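The values are calculated or read from the model by the stated rules, or taken from the named source; none is laboratory data. Given the structure is predicted, the values throughout are model-derived calculations rather than measurements. Here the Cβ is made from the backbone with ideal geometry for all residues, glycine too, and neighbour counts use every protein chain on show.
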Amino acid sequence: MTAPLNDDNRPLPPALEARGLSRSFSVGGGLFRQDKELRAVDDINLSVQRGESLGIVGESGSGKTTLSRMMLGLMQPTQGEIRIDGRGIASIDRHELARKIQPIFQDPYSSLNPRKTIGQIIRLPLEAHGVGTGKDRNAAVEQIMAQVGLPPRLQHSYPSQLSGGQRQRVAIARALVVKPEILICDEPTSALDVSVQAQILNLLKDLRAAFNLTYIFITHDLGVLHYMADRVAVMYMGRIVELGPTSDILKAPRHPYAQALLGSILTPDPHLNLPDLDLAQGFPDPLNPPAGCAFHPRCAKARDICSTRAPQAARAQDHLIACHLYPPEAHP
Ligand code: SF4
């Protein structure tokens, strides 16, 4: 996706960028043993343009959640930085940050206060960030409820009185009421009935177009990726191993891990979660990651170099691939 231009015909900075982003955790080694380092996110570089939707897919433990928490400013990177609209996230104060980027989580019920009415829940971010007068806030709540398809009478209801789909609409309204530019959607439909999932996805798609929103879509669901994401990043053990246009990656993934992952979920039911991969070995111990390419013990195409040297990401037209089968000089 090409960068949109400003009034002087200059490219605008990406809506969101990760530069050399890493996050490690120190994990206790127990009595008489040294702590070990767990690299949950390891040297990630990506940029997302305004109005673009980037899907992120990978097995559990691939680093998706840690990456999204850093994007939301909820966790500090160990190295590198996140930039929003060209500014380092660390230099953006928390009120401004909340008005730039908001999350939508998998389970709306656990994120809604059961003792507050729907009107109070949606109004709370406006109060927390001192947006407008009381009258402005009432108007904003009414307007966003209409935009997400919630009838005005539900303002006085409690979360327990709503269906799962209505609760997710409340969570979306609460995120959007402060007019953010970016939504981090973490499996936003996986806790919903199949019949409701499509309605919420359609709503998110319509809202993206209406407000020129930028989405980061974390999902295990191929159907959701196909429907919602312009590009897909495939993560393995904290790294992006392949990144490219959704249609290309779903049709013909190139990285051996992306091939195994996406091949395993090409089932007739697009809503199935990721099954265990049919690979030579299970997911490695993140505290003792394999040397070289972290995927090499499971990779049928591994060569000698794969166990000693980690591949660097190489650009192949509009793909990025980190694999020794795709060295930079091999690309046109
Ligand atoms: Fe397989 Fe080697 Fe590529 Fe890693 S670098 S995915 S081990 S071929």
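Could you go through region 21-30 and let me know if any residue there is buried (at least 17 other Cβ atoms within 10 Å of the Cβ) and under 26 Å from residue 206 (Cα atoms).
No, there is no match, as no residue in region 21-30 is buried (at least 17 other Cβ atoms within 10 Å of the Cβ) and under 26 Å from residue 206 (Cα atoms).
Buried (at least 16 other Cβ atoms within 10 Å of the Cβ), touching a Ser or Thr at 6+ places or on another chain (Cβ under 7 Å) and charged (D, E, K, R), is that true of residue 239?
No.
Give all pairs with beta carbons closer than 9 Å in which a residue from region 51-67 that is closer than 18 Å to residue 221 by Cβ meets a residue that is of a type in the set (Phe, Trp, Tyr) and assigned to a helix (DSSP H, G or I); count only pairs at least 6 apart in sequence or on separate chains.
Filtered contacts from region 51-67: 58/257.
Only one of (1) within 24 Å of residue 228 (Cβ to Cβ); (2) surrounded by fewer than 17 Cβ atoms within 10 Å (Cβ to Cβ) is not met by residue 66, so which one is it?
Every condition holds for residue 66 apart from (2).
Scanning for something buried (at least 17 other Cβ atoms within 10 Å of the Cβ), outside any helix (DSSP H, G or I) and either of a type in the set (D, E, K, R) or under 18 Å from the mean Cα position of the chain (by Cα) (or both), does region 85-101 turn up at least one residue?
yes
What number goes with the only condition from (1) modelled with pLDDT of 90 or more; (2) exposed (fewer than 15 other Cβ atoms within 10 Å of the Cβ); (3) assigned to a loop (DSSP other than H, G, I, E, B) that residue 77 does not pass?
(2)
Give me the pairs, please: first residue somewhere in region 87-101 and at negative phi and free of Cβ contacts under 8 Å to residues at least 40 places away in the same chain, second residue anywhere and surrounded by 12 or more Cβ atoms within 10 Å (Cβ to Cβ) and among the small types (Gly, Ala, Ser), beta-carbon distance under 6 Å, and either six or more positions apart or on two chains.
That search, which allows pairs on different chains as well, returns 89/73; 97/73.
Kindly provide the set of residues from region 283-313 that are free of Cβ contacts under 8 Å to residues at least 24 places away in the same chain and in contact with a strand residue (DSSP E or B) (Cβ under 6 Å, 6 or more places away or on another chain), ordered by number.
311
Residues being in a strand (DSSP E or B) and among the small types (Gly, Ala, Ser): count how many of those fall in region 18-63.
Residues in region 18-63 being in a strand (DSSP E or B) and among the small types (Gly, Ala, Ser): 9 in total.
Test of understanding: among 230, 186, which residue is touching a residue at least 40 places away in the same chain (Cβ under 8 Å), within 15 Å of the chain's Cα centre (by Cα) and closer than 23 Å to residue 86 by Cα?
Exactly one residue qualifies, and that residue is 230.
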